[in-house]
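The values are calculated or read from the model by the stated rules, or taken from the named source; none is laboratory data. Keep in mind that what you see is a predicted model, and the values were worked out from it rather than measured. Heads up, the Cβs are rebuilt from the backbone with ideal geometry, glycines too, and the neighbour counts pull from every protein chain shown.
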Amino acid sequence: MEMVRAALYIRVSTEEQVREGYSVDAQKENLIRYAKFKGYTVVDIYADEGITARKKYTNRKEFMRLLDDVEADKIDIILFIKLDRWFRNVGDYYKVQEILERNGVGWTATTENYDTTTANGRLYVNIRLAVAQDESDRTSERIKFVFDKKIKDGEAIWGKPPFGYKIKNKILVKDEEVEGFINECFESYKVLRSINAVAKTMNQKHNKKISYTTYSRFLRKNLDFYKGKYKDNENYFPPYLSEEDYEEILAINKARSGRFGGKTYNYIFVGLLACACCGYNMGSAGYTTNRRTNQKYRYYKCGRSTVKVCENNLRIQEKKIENYLLENIEDEIRKYKVVYKIEKSEPISRPVAAKNNIKNKINRLRKLYLEEVIELEDYKKEYEVLQKQLDQVEEEIKTHKRFQKKDFSALDKLLQSDFEEMYNNLDNLQKRALWQSVISKIYVKGSEIVKIEFK
């Protein structure tokens, strides 16, 4: 007799775990016990921890992995302890139910009794989901009420407060370790009027590696916090900024956001350039204008070099990239084809065999755990090692398959055309579209192109 393959699905929000005791371990224990009683083979455990039922199901990482395995015909039945662990929304339930039915997969709530094969049974499911959704909405309203009250009373609602603050006796206070640094950043910004310049100056001066994003967050995005305001409470935070300082910095931000007077300058290689040193995308780095001809020369630079996280701190001119591609595109495509042929010729049997071997080890490990030969901690530790190995092998197989399916027709067509003449008649947006249609990434080190990957 063929074994029934069961997937165990667990969902718990932090709030529910505290309020109702729906811990991950408690749910797991119940589901494993039920599967053993029914004689099911547990193929995997899918646990969305700290995930509220109000969150869209497509944002549940483990849930989406479960649906992928349903589509891959790895599962016969899904087990969860209660229907509200699965869904609290009627519409979402039926969207997913359609996927399950299409793949011949059923479900069981181990602590509740449902029968979806009859009209009455389906009606009961609808009623239970409607009740669960109403409970979820009411809970959401209660949480909002509690949070609004906390904000009004000046009580901290963050686990991790904004940069420059810490929590003391449930109240937000200035973090004395960085208070002077924050004040200096605001003063520097009033003089330098550039977040990049502040990041570079302050990181060098204080030997820090704080990201541009962090500086941007407190100098621009969350500026109200540092004036003391949050939502309707004007005195929620102890302020770093006086009203006068706040208005001055706000004016700088507004001036910088409109500094190009409504014009946009279309950079050709946005999204295509990557730093060969750290792999980070290279962004636009301003332009210069030839006063005699009024021609603009655009530049790109690794974003991480600005805050001294990457050593690749030279700019590369857009015209240089264009000239390189126009002069070397044929040679680059030929080189890429040679690499493709070498990769394609390598046998795929070795990584496939390795994948099967790892999967067998995972299955044996599960069996040892279900038969209570090993403890949960040992299972988790060994499973994590095997899963990492499996991910690496699967990535190797995917890469091989990409090479197997490579279509060079677009590149061949490009080479056969009167490319350079056609290119010179395009505007910048058309040039960008052309390069994006054939190139996936251009790697740059210093001011030189070191590698091109084609689509």
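Summary of values
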quantity	calculated
Only one of S437, S409, S417 that is modelled with pLDDT of 75 or more and not charged (D, E, K, R)	S437
Single unsatisfied condition, D148 versus (1) modelled with pLDDT of 85 or more; (2) under 31 Å from the mean Cα position of the chain (by Cα)	(1)
Complete set of residues in the stretch 287-319 that are within 11 Å of S447 (Cβ to Cβ) and under 29 Å from the mean Cα position of the chain (by Cα)	Y299, Y300, K301, N312, N313, L314, R315, I316
Unique residue being at pLDDT 85 or above and either on the phi > 0 side of the Ramachandran plot or of a type in the set (S, T, N, Q) (or both) when the list is N290, N281, N294, N312	N312
Residue count for the stretch 217-250, restricted to those that are of a type in the set (S, T, N, Q) and within 31 Å of the chain's Cα centre (by Cα)	1
Residue list for the stretch 190-248, filter: under 25 Å from K149 (Cα atoms) and hydroxyl-bearing (S, T, Y)	Y226, Y230, Y236, Y240
Residue match in the stretch 383-401 (condition: among the aliphatic types (A, V, I, L, M), part of a helix (DSSP H, G or I), at pLDDT 85 or above and surrounded by 14 or more Cβ atoms within 10 Å (Cβ to Cβ))	yes
Within the stretch 362-382, tally of residues that are free of Cβ contacts under 8 Å to residues at least 60 places away in the same chain, surrounded by 15 or more Cβ atoms within 10 Å (Cβ to Cβ) and of a type in the set (D, E, K, R)	1
Y423, sole failed condition from (1) crowded, with 16+ Cβ neighbours inside 10 Å; (2) at pLDDT 85 or above	(2)
Candidate set from the stretch 216-235 (those that are in contact (Cβ under 8 Å) with a residue 40 or more places away in the chain and crowded, with 18+ Cβ neighbours inside 10 Å); member that is farthest from A199 (Cα to Cα)	Y230
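Yes or no, residue by residue, for (1) assigned to a helix (DSSP H, G or I); (2) β-branched (V, I, T); (3) modelled with pLDDT of 90 or more:
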| site | (1), (2), (3) |
| --- | --- |
| A35 | yes, no, yes |
| I45 | no, yes, yes |
| R54 | no, no, no |
| R65 | yes, no, yes |
